[in-house]
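Take a look at the structure below.
Just so you know, all these numbers are worked out from the coordinates, no wet-lab data involved. Model, not experiment: these values are computed from the prediction. Here the Cβ is made from the backbone with ideal geometry for all residues, glycine too, and neighbour counts use every protein chain on show.
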């Protein structure tokens, strides 16, 4: 896990070596069935983060990155290129 605070954005990276278990992208996040034993973590991320995504981790695995903006959205604009840079 990596936490980074840049100006008014908190970035959270969680990495693991399980590249074959890549979660859905934000647009495809589905609702977990009430009886399901897993599948709610990314629902929470999707609900709380201003944006999030999944990136390949070199040499193996993946990183789920979430960003939380610490000021009201209307007071700050984001450069989309900054999200994937790390």
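Points worth noting:
- Pairwise FRET efficiency - residue 33 versus residue 69, Cβ, R0 = 35 Å, nearest 0.05: 0.65
- Projected label points at residue 48 and residue 21, each 7 Å from Cα along the beta carbon direction, are separated by 2.0 nanometres.
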